[in-house]
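To start, the structure itself, in structure tokens.
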Amino acid sequence: MKILLVDDEPFVLKLLSRQLANLGFSDVVCRERATDALALLESGVGAFGLIFCDLQMPGMDGVEFVRQLVRINYAGGLVLVSGEDERILQTAEKLSKAHQLNVLGALHKPVSPEQLRQVLTRHPSRDSVAFHIVPKTYEPDELWRAITGGKLVNYYQPKVDLASGAVAGVETLVRWRHPEDDLVLPDQFIATAEEHGLIDELTHAVLTAALHQARIWQDAGLHLHVAVNVSMDNLGSLEFPDFVARAAAKAGVPPASLVLEVTESRLMKNPLASLDILTRLRLKHIGLSIDDFGTGHSSLAQLRDIPFDELKVDRGFVHGACRDSSLRAIFEASLGMARQLGMKTVAEGVEDLDDWAFLRAAGCDIAQGYFIAKPMPAAEVMGWLSTWESRLGKLLAIKA
């Protein structure tokens, strides 16, 4: 793999080149100015699979260089390097990811051989340039046939009580069993459903199936809170609360066992109607969770105006919070607000043991993430439960 190093400090270039050579990467090209590096890339002389870029450089700085990489459709990996403040480095990393660049990491100077080794292991290929996979889009009539033809299937991701380790519930995550593309994830078709007026039918199908599954678990002695995601577009129909109540009654599931997770990723078209609908749902004892708190349009105003009883902290403020003072401050502030408002707190994106230990120490209520379980078909939940119970002793022994 051919690597390009861009840094105005010759010593840094020499050090990084030597460290890369020690790791088996000898095809390294160095440039002290971003403009020269850009000219090299535009000339087409060699395909660079990886670029290391400093942020603070004279002339064209690292942020502008990143913008130029987007312009020329650079498809390889990118590692940001800087001696600047940690938060500046983090912000530059988020900006680069928002540009859809393949960012492998952001390293603070001086870069250690271990940091370098770890970031290189994230590259998808040491032998070729990594290209972006553009998600496939689907036509609305094809999605409509999938909804009406029973091609949607629910997966379930467990949530556990951090104090006791007991399984508290599951989040319902819809998948589309596509005849050609296998399991299609929701981020590839939810927007289509919203834009073409199919979201009500889709949500009805997902909710009905989730309530049916909740009854099956209930009859087997497993009483779980089942969470279902709803779109802001669902909250434009004044009939929605009555539909939800009828569906729960038909399935024989107590309304209090159902939680609707609301992500305000789209602005309310009719705030007054949405407030009407959400209040009526709570009057029917159906739980309301403000999902992905801290992102999108979710805000303190939503906590003030809407009777949510659960706050889900977005994964971006959970994973790694034990090692990042900024994330930790935001998470602890969210947790404190939820407590003051009498709301339960659910932490998404629990990816490792460090996250688990941090959340227990912080006094968070519920945890959800790959460290606990990946989303799974309903048939696998009972088997996972046995495995989880066998892990609990060790996890609960960790000092909170």
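Some observations on this one:
- Residue list for segment 182-198, restricted to those being buried (at least 21 other Cβ atoms within 10 Å of the Cβ) and either free of Cβ contacts under 8 Å to residues at least 40 places away in the same chain or closer than 17 Å to V262 by Cα (or both): A193
- Only a single criterion out of (1) surrounded by fewer than 19 Cβ atoms within 10 Å (Cβ to Cβ); (2) in contact with a Leu (Cβ under 8 Å, 6 or more places away or on another chain); (3) in a loop (DSSP other than H, G, I, E, B) is not satisfied by V350, namely (1).
- First in segment 245-256 and over 17 Å from L288 (Cα atoms), second anywhere and charged (D, E, K, R), Cβ under 8 Å, 6 or more apart: A251/R215; G252/R215
- When A214 is tested against (1) assigned to a helix (DSSP H, G or I); (2) touching a residue at least 12 places away in the same chain (Cβ under 8 Å); (3) within 18 Å of P307 (Cα to Cα), only condition (3) is not met.
- Candidate set from segment 217-235 (those that are open to solvent by 40 Å² or more (accessible area, probe 1.4 Å) and in contact (Cβ under 8 Å) with a residue 40 or more places away in the chain); member that is nearest to D292 (Cα to Cα): N229
- Breaking point among (1) under 29 Å from I330 (Cβ atoms); (2) of a type outside the set (A, V, I, L, M); (3) open to solvent by 20 Å² or more (accessible area, probe 1.4 Å); (4) modelled with pLDDT of 95 or more, for R246: (1)
- Residues in segment 362-393 that are of a type in the set (S, T, N, Q) and open to solvent by 30 Å² or more (accessible area, probe 1.4 Å): S386, T387, S390.
- Any chance L69 is assigned to a helix (DSSP H, G or I), among the aliphatic types (A, V, I, L, M), open to solvent by less than 70 Å² (accessible area, probe 1.4 Å) and touching a residue at least 12 places away in the same chain (Cβ under 8 Å): yes
- Single unsatisfied condition, L95 versus (1) open to solvent by 60 Å² or more (accessible area, probe 1.4 Å); (2) free of Cβ contacts under 8 Å to residues at least 24 places away in the same chain; (3) under 26 Å from S326 (Cβ atoms): (2)
- If you filter segment 293-313 down to residues that are modelled with pLDDT of 90 or more and either in a loop (DSSP other than H, G, I, E, B) or among the β-branched types (V, I, T) (or both), you find that the one that is surrounded by the fewest Cβ atoms within 10 Å (Cβ to Cβ) is D309.
- Residues that are within 28 Å of G320 (Cβ to Cβ) and in contact (Cβ under 8 Å) with a residue 24 or more places away in the chain occur at least once in segment 25-45.
- From the list G320, G342, G349, G393, the lone residue that is at pLDDT below 95 and within 18 Å of D291 (Cβ to Cβ) is G349.
The values are calculated or read from the model by the stated rules, or taken from the named source; none is laboratory data. All values reported here derive from a predicted model rather than from experimental measurement. Because the Cβ atoms are built from the backbone with ideal geometry, glycine has one as well, and the counts that use them run over all protein chains shown. Just the protein is used for accessible areas: all its heavy atoms, side chains included, with ligands, DNA and RNA removed. Shrake-Rupley method; radii C 1.70, N 1.55, O 1.52, S 1.80 Å.
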